[in-house]
1. Name the single residue, out of those in region 137-166 being more than 16 Å from the chain's Cα centre (by Cα) and buried (at least 20 other Cβ atoms within 10 Å of the Cβ), that is modelled with the highest pLDDT.
2. Got a sec? Which of Phe238, Phe253, Phe195 is surrounded by fewer than 17 Cβ atoms within 10 Å (Cβ to Cβ) and in a helix (DSSP H, G or I)?
3. Checking Pro210 against (1) open to solvent by less than 10 Å² (accessible area, probe 1.4 Å); (2) farther than 29 Å from Phe156 by Cβ, which test does it fail?
4. With the structure loaded, tell me whether Phe65 is in contact with a Phe, Trp or Tyr (Cβ under 6 Å, 6 or more places away or on another chain), under 16 Å from Phe285 (Cβ atoms) and modelled with pLDDT of 75 or more or whether it fails that test.
5. Could you look through region 261-287, keep only residues that are part of a helix (DSSP H, G or I) and over 21 Å from Pro70 (Cβ atoms), and pick out the one that is nearest to the chain's Cα centre (by Cα)?
6. Any residue at all in region 265-280 that is under 25 Å from Leu28 (Cβ atoms) and open to solvent by less than 50 Å² (accessible area, probe 1.4 Å)?
7. Select from region 12-32 the residues that are open to solvent by 20 Å² or more (accessible area, probe 1.4 Å) and at pLDDT 85 or above and write down the one among them that is farthest from Glu262 (Cα to Cα).
8. For Leu314, are the conditions met, namely being open to solvent by 30 Å² or more (accessible area, probe 1.4 Å), part of a helix (DSSP H, G or I) and at pLDDT below 75?
Amino acid sequence: MYSQTSQPLTKHDQQPTNRPKSAVKKALLAFNSVMMSIGNCGGPLMLRLYFIHGGNRVWLSSWLFTAGWPIIILPLAISYIHRRRTATAGNRTELIFMREPLLFFGSAVIGLLTGLDNYLFSYGMARLPVSTSSLIIASQLAFTAGFAFLLVKQRFTSYTVNAVVLLTIGGAILALHSSGDRPAGESNKEYIAGFLMTLGAAVLYGLILPLIELMYKKTKQSLTYTLILEIQLVMSLFGTILCTIGMLINNDFQVIAREGREFGLGNTKYYVVLVMSAIIWQCFFVGAVGVIFYSSSLFSGIVIALLLPAVEILAVIFFREKFQAEKGVSLALNLWGFVSYFYGEIKQSKKMKLKLVELQKTQGITTIIQNV
């Protein structure tokens, strides 16, 4: 899963770099994948729970995607205090926007795009069942792969292509009989609008993931997990600002209290749903940014696609949505595609190690000849 950005090492490259060591990198990749999985599975379910029981404010639900950004302040504050105490002369401890304005600007722009994407996704979720929206989001992997190829020169092996195809088909299979899950009383116009808005969200987020990777590649800063949190903080802040403006225009703040009183699960649980949604979605975004840093935007898209059947199964359990045979086939294809991707990455990793060994042997022979 690391081969997309790996290159054979030279003697100069073997000096300490701004990337974490392999064991730490794998552990952090696993941690961020878990964070991303929690958000990817729990987020849509919480959002659908909000709409099913009487919530109908699209801008408010969009705002919840990034409104949990204050959670990031605590670990950042701890990191900042630690760096201040341990900093040596010449080391800089200021935050991202103080040391690299262009990186801050890039994070802000991506944050605004994320806010727009959240609105498109929330609009679709308000009109589509979880199963149908998951089907459309499955197409995101194909868009992520395409944009990754154009923006970050993503290299594809036959195993990677096979994985993308299988995961995309696995999601497309969910389209079969999906019309039977249409919410009662919803018109064709509303259903089509929800379908198109969700598709737009898939396309836009397929662009956002490679843009984050491109920003990492272009930065001149030392890439650390603290920087990941700083970037996510800026992105979430600007995404929240955009959605807050939408809420003000749509008068969402004025109706929150009334919507809470009329919520199907009760007033207290209404606010619990809102708070938990914000926390869960923040887990997703922090995890996604971390996965891209420790692997690639394509791998991030593959994890999202892999989890779609899990979202389907959870929707069946909690919302009594139908579980047709197509969903079981989709799950099998997704798992097959995921295994194919990892198998290809393992083979590619072995090839890179062999090249490194050959390079070291060549350098050793050259050094002996020069000494003679």
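1. Going residue by residue through region 137-166, those that are more than 16 Å from the chain's Cα centre (by Cα) are 146, 149-166.
This time we only want the ones that are buried (at least 20 other Cβ atoms within 10 Å of the Cβ), so: 152, 154, 160, 163-164, 166.
Working: Val152: 82, Gln154: 76, Thr160: 75, Ala163: 73, Val164: 76, Leu166: 76.
Restricting to residues being more than 16 Å from the chain's Cα centre (by Cα) and buried (at least 20 other Cβ atoms within 10 Å of the Cβ), the top hit is Val152.
2. Working: Phe238 fails: surrounded by fewer than 17 Cβ atoms within 10 Å (Cβ to Cβ); Phe195 fails: surrounded by fewer than 17 Cβ atoms within 10 Å (Cβ to Cβ).
After applying the criteria, what remains is Phe253.
3. Among (1) open to solvent by less than 10 Å² (accessible area, probe 1.4 Å); (2) farther than 29 Å from Phe156 by Cβ, Pro210 violates only (2).
4. Working: in contact with a Phe, Trp or Tyr (Cβ under 6 Å, 6 or more places away or on another chain): yes; under 16 Å from Phe285 (Cβ atoms): yes; modelled with pLDDT of 75 or more: yes.
Criteria met by Phe65.
5. Once the filter is applied, the top-ranked residue is Lys269.
6. Scanning region 265-280 turns up at least one residue that is under 25 Å from Leu28 (Cβ atoms) and open to solvent by less than 50 Å² (accessible area, probe 1.4 Å).
7. Restricting attention to region 12-32, the residues satisfying the condition of being open to solvent by 20 Å² or more (accessible area, probe 1.4 Å) are 12-28, 30-31.
Filter once more, keeping what is at pLDDT 85 or above: 27-28, 30-31.
Values: Ala27: 45, Leu28: 43, Ala30: 41, Phe31: 39 Å.
Among those residues, the one meeting the criterion is Ala27.
8. Details: open to solvent by 30 Å² or more (accessible area, probe 1.4 Å): yes; part of a helix (DSSP H, G or I): yes; at pLDDT below 75: no.
So Leu314 does not fit the description; no.
The values are calculated or read from the model by the stated rules, or taken from the named source; none is laboratory data. On a predicted model such as this, the values are computed, not experimentally measured, just so you know. Note: ideal-geometry Cβ built from the backbone for every residue, glycine included; neighbour counts use all protein chains shown. For the accessible areas, the whole protein counts, side chains as well, though only heavy atoms, and no ligand, DNA or RNA atoms are used. Shrake-Rupley method; radii C 1.70, N 1.55, O 1.52, S 1.80 Å.
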